[in-house]
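So the structure is just underneath, and the comments pick up after that.
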Amino acid sequence: LAPVIGGPSSPILKVNPVKAKLKRGDVVVAGTINTPCIDTAVVMAAAFDFLWIEGEHSAITLETCHNIIMATRGMRAVPFVRVPWQELWMAKRVLDIGALGVIFPFCSNPERAKTCARACRYPPLGGRGCGPTMSQLAWGLDESTYYEWAQENICCVVIIEEKEAIACLDDIASTPGIDLLFIGTSDLSFSMTGDKRNVDKEPVRSAMDKVIEVGKKYNLPVGCPAGSAEQMAAFRKRGFSFFQGPPDIGLLQKGVTAFTDSLKGAGIMQGTATTAAGPKAEIGR
């Protein structure tokens, strides 16, 4: 039998499935990887559309990122990486180890947007440097196929999360090479109101709706974080189609809490049962 994951000239993916699904109008959901654990990433990669490998707000190193990409290639979820800033060299390093999408934080003006777009494309479309041996091998491509494939299939995601970005959305969204607008809801709320808890209040709600309108104008999908099916359904009605799901550590915490609460409810373990909102009734005391 031929191997599922072949060598050069035996591509694993004809297209980036996330870009293809979004182009069809489908919804895509990410499992967020916050812990530097390959086993956790494999579990998440079996369930979600893509992995949001967190390179800004976690302890994940470039080496761990590389190992996660190698361990999950050929699985359901493809790897996207959030880098710490809009720097060509940061994007280059994750692309050259096989990332299929780069997520750039704080893209608050058109100059930053241009930097992000250039980082994800080879000349003449951008400024990505040439050295993709591992990314070629990771996806079963070679010198004759990788560059054209990458130009079409690498996904450039920019995060709108400051009030300055809202003021120049058209200039950001019209930048050639930008594939998707993602709203960093907590940071946008912080920027506009000084409090992360005002995501569903004005002026943050109207700013989010403006991003959706601009996305439609320039034919760009729009995404945001969402922690439940109910949240995603509500955001979907507003026009969102790209969701950052809960992080691995949060799902683990939820699972552990549900299990230990069941033990407390059965009288097997003493303590206070908890919910997502905080403690509830005392059990076993």
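Full extension of the segment from MET75 to THR272, taken as 0.36 nm per residue of separation minus the current Cα-Cα distance, would add 67.0 nm.
Just to confirm the filter: which trypsin sites (Lys or Arg not before Pro) across region 14-47 are DSSP coil and have at most 13 other Cβ within 10 angstrom of their Cβ? Working shown, then result.
Working: sites: LYS14, LYS19, LYS21, LYS23, ARG24; in loops: LYS14.
Qualifying residues, ordered by number: LYS14.
Across region 31-42, computed HN-Hα scalar couplings (Karplus, 6.51 cos²θ - 1.76 cosθ + 1.60, θ = phi - 60°) run x, 8, 9, 9, 9, x, 10, 5, 4, 4, 4, 5 Hz from first to last residue, x flagging Gly and Pro. Under a 5 Å amide H cut-off, with hydrogens placed 1.01 Å from N, GLY184 pairs with ILE160, GLU161 among residues at least 5 apart or on other chains. Contact order for region 7-153, expressed relative to its length and based on alpha carbon pairs under 8 Å spaced 6+ residues apart, stands at 23 percent. For the chain, CYS37, CYS65, CYS107, CYS116, CYS130, CYS155, CYS168, CYS224 stand unpaired, since no other cysteine beta carbon lies under 4.7 Å from theirs. Between ALA258, ALA59, ALA45, the GNM of the chain built on Cα springs shorter than 10 angstrom shows ALA258 fluctuating the most.
If the chain linking CYS130 and THR260 were pulled fully straight, counting 0.36 nm for each residue of separation and taking away their Cα-Cα distance, it would gain 41.7 nm. Calculate the tail of P(r) for region 119-203: the fraction of all Cα-Cα distances greater than 22 Å, expressed in %. Everything past 22 Å amounts to 45 percent. In degrees, nearest 10, range 0 to 90: what is the angle between the Cα axis of helix 110-119 and the longest Cα principal axis of the chain? It is inclined by approximately 70 degrees. Subtracting the Cα-Cα distance of LEU13 and CYS168 from their residue separation scaled by 0.36 nm leaves 52.2 nm.
The distance between label points at THR61 and VAL43 comes to 2.4 nm (points 7 Å beyond Cα on the Cα→Cβ vector). If you bin all the Cα-Cα distances of the chain at 5 Å, starting from zero, the percentages per bin are 1, 6, 12, 15, 17, 16, 12, 8, 5, 4, 2, 1, 0, 0.
Near ILE53, the amide H atoms lying under 5 Å from its own belong to ILE33, PHE80, VAL81, ARG82; only residues 5 or more places off or on other chains count, and H is placed 1.01 Å from N. Scattering from region 59-166 was approximated by placing one identical point on each alpha carbon and applying the Debye formula without solvent; log10 I(q)/I(0) at 0.22 1/Å stands at -1.19.
May I ask you to list the GluC sites (Glu not before Pro) in region 112-196 that are in a DSSP loop and have at most 16 other Cβ atoms within 10 Å of their Cβ?
The qualifying sites are GLU143.
Since every read-out is calculated from the coordinates, none of them should be taken as a lab result. Not measured: the values here are computed from a predicted model. Reconstructed Cβ throughout: ideal geometry from the backbone, glycine too, with neighbour counts over all protein chains shown.
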